[in-house]
1. Please express the shape of the chain as an equivalent ellipsoid: the semi-axes are the square roots of 5 times the eigenvalues of the C-alpha gyration tensor, given largest first in whole angstrom.
2. Could you tell me the calculated FRET efficiency between residue 316 and residue 169, based on Cβ-Cβ distance and R0 = 25 angstrom, to the nearest 0.05?
3. How far is helix 252-264 tilted off the main Cα axis of the chain, in degrees rounded to 10, range 0 to 90?
4. Compute the Rg to Rh ratio over the range 242-318 from the alpha carbon atoms, using the Kirkwood formula for Rh, and round to two decimal places.
5. For the range 56-122, what does the relative contact order come out to in percent, with C-alpha contacts under 8 Å and a separation of six or more?
6. With the cut-off at 20 Å, tell me which of the pairs 110/143; 27/143; 27/96 have Cα atoms farther apart than that.
7. Which entries in 93/155; 92/155; 5/57; 5/60 show an alpha-carbon gap greater than 22 Å?
8. Search the structure for amide H atoms under 5 Å from the amide H of residue 345, placed 1.01 Å from N in the peptide plane, and list their residues when 5 or more places away or on another chain.
Amino acid sequence: MTHTKVWNVDKNVDKLANHPQLVEAAKLLLEDKVVAFPTETVYGLGANAFSTEAVEKVFKAKGRPSDNPLIIHIAEFETLENVASEITDSAKKLTKAFWPGPLTVVLPKKGPLSPLVTAGLETVGIRMPDHPVALELIRLVGKPLAAPSANRSGKPSPTQGHHVLEDLEGRIAGLVDAGPTGVGVESTVVDCTTTPVTLLRPGGVTLEQLRAVLGDVSVDPALVKDDVTPKSPGLKYKHYSPNAPVLLVQSTDVLQKEIQAAQAAGKRVGVLTTDEHLDMFKSADQVISCGTRSDLTTVAQTIYGALRQFDELNVDLILSETFPTEGIGGAIMNRLTKAAGGNILSAQK
Ligand code: TXA
Ligand code: MG
């Protein structure tokens, strides 16, 4: 493939309507090409959701298994009725409360969606991103955009334009670069076909926020199981991963000892920490802070970028702090646990 065309768009300009660069990007999408674009969570890899030819290219560019469905992105509330056959009461309440925003509702599908989008399921995941560039691009295309995160499958999701190019340069037609995304972790995915609704993936909207709107919300048992295993072997949940293996360590004391042990074994050690603890890990070969523990939204914003940075620093092992699972911490720990393939050293070691 030829070079990926990059358009730099300032998301703060007053007039994004019919922005010439977005018009160009929309034209490529209407030709069934794939174009990466910013959302408030992470960059997405967009394709016309009604075109199987276009959606095929998304799976190919990402190297994504075809049994993993894509989220479709819409710009108007009314479009929901064209892609979902039933809008449950819970979906009505949640979309009213959180759209546009980092929430994906799973509903029975409807209309001419490519069967590849839903990976053969009878349901479809839908969201309205809270990003002026994404909304205008979808409006210009005039069709919903199927868009997974714009990373190669298994890698941390991209929160900046250059992350997209690192993974996909030459593999996709275009990238609309509007600077860093805001939330930093993906949308919360909620199955609205069950009663009560089921949280499938924690994300930018917290479980507490969902419960404040709906009362009862159940949590997919797979999420809980993953989390309680103190030190699970194997890489079967590996995802969001940098090149070096990641080990989560619950206490700073144990983390300091693990640095020594790994270095004694000849390894170059990277530590993923927070501003509060930066001084504790000076003996490590590389130390990166992903924000402040006093405000976990800063950690969500920078966690993927920090994991990606370790790929350039040539480390053999990444030791990471853990976080409380309340609020946005739920999404952070879900992603870190997957990046670590479930490997956690508990505080009691
Ligand atoms: O924030 C986000 O959601 C980003 C931005 C680009 O919008 N997108 C994103 O897409 O994270 P992706 O493909 O990386 O993750 C989609 C998640 C997957 O875990 C997928 O299995 C789930 O949503 N999903 C999609 N459709 C589903 C369905 N019908 N039923 C259950 N899960 C579904
Ligand atoms: Mg993804």
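Values quoted throughout were computed directly from the atomic coordinates according to the rules given, and no laboratory measurement underlies them. A quick note: this is a predicted structure, and the numbers were derived from the prediction, not measured. As a convention, Cβ positions derive from the backbone with ideal geometry for all residues, glycine included, and neighbour counts pool all protein chains shown.
1. One finds semi-axes of 34, 24, 18 Å for the chain.
2. 0.40
3. Compared with the principal axis, the helix lies near 80 degrees.
4. That ratio is 0.94, to two decimals.
5. Answer for the range 56-122 is 46 percent.
6. In this structure, 27/96 lie more than 20 Å apart at Cα.
7. Violating the 22 Å limit, Cα to Cα: 93/155; 92/155.
8. The answer is 248, 249, 250.
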